[in-house]
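A.B. asks: The following block contains the structure, expressed as structure tokens.
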Amino acid sequence: MPTPSNDPNPTADRPPAPLRGRRVRAAIIGIGAIGGGSHLPALARLAEEGETEVVAAVDIDAEAVRAFCAEHGIPHGYTDLDRMLAEQRPDLVCVCTPPTLHRDQTVAALRAGAWVWCEKPPVPTLADFDAVQAEEGADTGGPFASIVFQHRFGSGATHVRKLIAEQAVGRPLVAHCQTTWYRNTAYYAVPWRGRWATEGGGPAMGHGIHQMDLLLDLLGPWSEVRAMAGRLVHDVETEDVSTALVRFESGALATVVNSVLSPDEVSRIRIDCERATIELTHLYGHSNADWSITPAPGTPEADAAAWRDFGPDVPSSHLAQLRELVASMRAGERPRSSGADGRTSLELIAALYKSAFTDTTVRRGEIGPGDPYYTAMHGGAPGWAPAPAQEPATSEEIPA
């Protein structure tokens, strides 16, 4: 492994080097299934095209990161993020660690001048998200921190977004957003899962966030939410199922269901517009074939044919999002799914929890500093907030 730098503050006051005419130097933090199975293949594909190079990997397991680097031809392995940032000065850092680590690791990378591509959920709370955003170089063309919301990307989502934005299919009226997956007891045996402090929430936060983000990306700003949540099967702090009614600024109404109790797993979005019903049915990623468009009776065949022409198939994927992120980096522009654009999905989830736990309707913009749901998704609600740690008994309190 590399030796430490002798510079006591190696990243201070050093602007990132221009990206024109050279590859984007990337580093991966966390070499588990997501880092090695999703981020690395996307980076490797762009490396073949001359766009990127993976210069380092970071993990707490020294032997594992050494083997990972040897297997994939990555020149530098680290167990210390700060050392890696100081010595390698990457342009892009992929954060693939458990959610509780995302805030500190993202801030460290931004302060070192690196752009960040962070797995969902980006951070456990809205307060954490705003703290990260405060570190971005909004006035200097970066660096920015983007969330992995890969379901927004690809030809299907791009085509449908345009149809709705241009009102080719008329106004959106009624929608349904469904993430009904199945997770067993062994899944929750991983210590950080199912806990507010380390995962940020249950299926609304860790699973359904992808479909909810895509729904918001297609339909635009939401205005209010009314929700319910339950802990029906798993022995966890968070919910294992939730339902919600969401009103959008456009007037459209949507139902949202998030579950890890569903043996017949599916991810689905359905949007009924004035002139057509648009439906997406898949599980963990979609291609053109997963979308269907059903025109209203009397629709001219020419219109229906145009709506169904999705163009060349570009599946939703980490690769599809990474291509756009690298283009944003080279242009010095804020990428999609960062800043306010990325925050809107996290805010909807916070509002869903607040509505469920307080039995009230929650409006967009309502949760801010001073609101308990701004700093904790459980909001301190009785029956949902973690039990306070018990002080050890003193000798006087131990019964004889």
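The values are calculated or read from the model by the stated rules, or taken from the named source; none is laboratory data. Only a predicted model underlies this, so the values are computations on that prediction, with no experimental measurement involved. Neighbour counts are summed over all protein chains in view; Cβ atoms, including those assigned to glycine, are modelled from backbone coordinates with ideal geometry.
A.B. asks: Quick check on the stretch 363-400: of everything there that is among the aliphatic types (A, V, I, L, M) and modelled with pLDDT under 55, which residue is surrounded by the fewest Cβ atoms within 10 Å (Cβ to Cβ)?
C.D. replies: Once the filter is applied, the top-ranked residue is Ala400.
A.B. asks: Consider Thr140 against the criteria (1) modelled with pLDDT under 95; (2) within 30 Å of Thr281 (Cβ to Cβ); (3) out of contact with any Gly (no Cβ under 6 Å at 6 or more places or on another chain); (4) not charged (D, E, K, R): it satisfies all of them except one. Which criterion is unmet?
C.D. replies: Checking Thr140 against (1) modelled with pLDDT under 95; (2) within 30 Å of Thr281 (Cβ to Cβ); (3) out of contact with any Gly (no Cβ under 6 Å at 6 or more places or on another chain); (4) not charged (D, E, K, R), the one that fails is (2).
A.B. asks: Hey, does the stretch 132-145 have a residue that's within 13 Å of the chain's Cα centre (by Cα) and at negative phi?
C.D. replies: For the stretch 132-145, residues within 13 Å of the chain's Cα centre (by Cα) and at negative phi: present.
A.B. asks: Quick one: Ala42 ticks every box in (1) among the small types (Gly, Ala, Ser); (2) touching a helix residue (DSSP H, G or I) at 6+ places or on another chain (Cβ under 8 Å); (3) modelled with pLDDT of 95 or more; (4) surrounded by fewer than 22 Cβ atoms within 10 Å (Cβ to Cβ) except a single one, so which number is it?
C.D. replies: Here Ala42 meets the rest and fails (4).
A.B. asks: Hey, among the residues in the stretch 323-341 that are on the phi < 0 side of the Ramachandran plot and in contact with a Phe, Trp or Tyr (Cβ under 7 Å, 6 or more places away or on another chain), which one's surrounded by the fewest Cβ atoms within 10 Å (Cβ to Cβ)?
C.D. replies: Across the stretch 323-341, the extreme among qualifying residues is Glu324.
A.B. asks: Here is a list: Ser262, Ser355. Which entry is within 24 Å of Gln211 (Cβ to Cβ) and assigned to a strand (DSSP E or B)?
C.D. replies: Just a single option satisfies the conditions, and that option is Ser262.
A.B. asks: Of all residues in the stretch 55-76 being touching a residue at least 24 places away in the same chain (Cβ under 8 Å), among the small types (Gly, Ala, Ser) and out of contact with any Pro (no Cβ under 8 Å at 6 or more places or on another chain), which is surrounded by the most Cβ atoms within 10 Å (Cβ to Cβ)?
C.D. replies: Among those that are touching a residue at least 24 places away in the same chain (Cβ under 8 Å), among the small types (Gly, Ala, Ser) and out of contact with any Pro (no Cβ under 8 Å at 6 or more places or on another chain), it is Ala57.
A.B. asks: For the stretch 306-320, give me each residue that is touching a Gly at 6+ places or on another chain (Cβ under 9 Å) and either free of Cβ contacts under 8 Å to residues at least 12 places away in the same chain or closer than 25 Å to Ala33 by Cα (or both).
C.D. replies: Of everything in the stretch 306-320, those that are touching a Gly at 6+ places or on another chain (Cβ under 9 Å) and either free of Cβ contacts under 8 Å to residues at least 12 places away in the same chain or closer than 25 Å to Ala33 by Cα (or both) turn out to be Val314, Pro315, Ser316, Ser317, Ala320.
A.B. asks: Tell me yes or no: at least one residue of the stretch 317-332 is farther than 20 Å from Leu163 by Cβ and touching a Pro at 6+ places or on another chain (Cβ under 7 Å).
C.D. replies: yes
A.B. asks: Does Val93 meet the test of being part of a strand (DSSP E or B), touching a Ser or Thr at 6+ places or on another chain (Cβ under 7 Å), hydrophobic (A, V, I, L, M, F, W, C) and buried (at least 24 other Cβ atoms within 10 Å of the Cβ)?
C.D. replies: no
A.B. asks: Test of understanding: among Ser328, Ser316, which residue is farther than 28 Å from Leu232 by Cβ, among the hydroxyl-bearing types (Ser, Thr, Tyr), part of a helix (DSSP H, G or I) and in contact with a strand residue (DSSP E or B) (Cβ under 9 Å, 6 or more places away or on another chain)?
C.D. replies: After applying the criteria, what remains is Ser328.
A.B. asks: Residue check, Leu215 against (1) under 16 Å from the mean Cα position of the chain (by Cα); (2) surrounded by fewer than 19 Cβ atoms within 10 Å (Cβ to Cβ); (3) within 18 Å of Asp272 (Cβ to Cβ), all met but one. Which one?
C.D. replies: That leaves (2) as the condition not met.
A.B. asks: Now for a separate question. For the stretch 239-278, give me the residue count where each residue is more than 25 Å from Gly365 (Cα to Cα) and of a type in the set (S, T, N, Q).
C.D. replies: Selection size over the stretch 239-278: 4.
Rundown of residues vs (1) surrounded by fewer than 21 Cβ atoms within 10 Å (Cβ to Cβ); (2) touching a residue at least 60 places away in the same chain (Cβ under 8 Å), yes/no style:
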residue	(1), (2)
Gln211	no, yes
Thr243	yes, no
Phe248	yes, yes
Glu265	yes, yes
Glu274	yes, yes
Asp290	yes, yes
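A.B. asks: Is it the case that Thr344 is among the β-branched types (Val, Ile, Thr), at pLDDT 95 or above, closer than 22 Å to Ser155 by Cβ and not in a loop (DSSP other than H, G, I, E, B)?
C.D. replies: Taking the combined requirement at face value, the residue does not satisfy it.
A.B. asks: Please find, among Ala327, Ala276, Ala350, the residue that is farther than 16 Å from His210 by Cβ and within 17 Å of the chain's Cα centre (by Cα).
C.D. replies: Within the list Ala327, Ala276, Ala350, the selection yields Ala350.
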